[in-house]
Amino acid sequence: MPPSAVPARVVLYQDNTQQIRVFGLKDITTDTYITTATMSATLLDKDRNQVVGLIGIALNFQASSNGDYFGIVASDFKPTVATDYTLVLEGDNGGSHLHIEIPAEVRVRIK
């Protein structure tokens, strides 16, 4: 289940409701969109410890989409501002496993 494109860096904001999204998850063998995967997102700090507020957040399939999944990060998400995080996306579907690690940073929300 490899993605067609992965961002170079993900930016997350403290004290802000936001979405983690995966677009167009597709099976490369059958060239069909995956609509039944179990997906999750977890943020790791520089020491690979899980960050409170973004541990195993479920990414749900968006109905009537072409393999799009989304999960909500709650507004009480408030890790330390830094640029050395890693966002880990995990997915399972019919014996296939997806594991993607994307560099991430946390910024202060500008009001």
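Bear in mind that the values in this text are calculations on the coordinates, not laboratory data. A quick note: this is a predicted structure, and the numbers were derived from the prediction, not measured. Neighbour counts are summed over all protein chains in view; Cβ atoms, including those assigned to glycine, are modelled from backbone coordinates with ideal geometry.
Structure summary
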| item | result |
| --- | --- |
| Fluctuation leader among GLY56, GLY94, GLY67 - the chain, Gaussian network, Cα springs under 10 angstrom | GLY94 |
| Reported label for calculated Rg/Rh (Cα atoms, Kirkwood Rh) given (i) 1.02; (ii) 0.98; (iii) 0.92 | (ii) |
| Note, ³J(HN,Hα) from phi for region 27-42, Karplus 6.51, -1.76, 1.60, rounded to Hz, x at Gly and Pro | 7, 6, 6, 9, 6, 10, 6, 8, 10, 10, 6, 9, 10, 8, 10, 9 |
| Dipole in debye (nearest 20) - region 10-107, about Cα centre, beta carbon charges: Lys, Arg +1; Asp, Glu -1 | 140 debye |
| Relative contact order (%) - region 2-70, alpha-carbon pairs under 8 angstrom, separation at least six | 33 percent |
| Between region 31-48 and region 56-111, the Cα center-to-center distance that results, in Å | 7 Å |
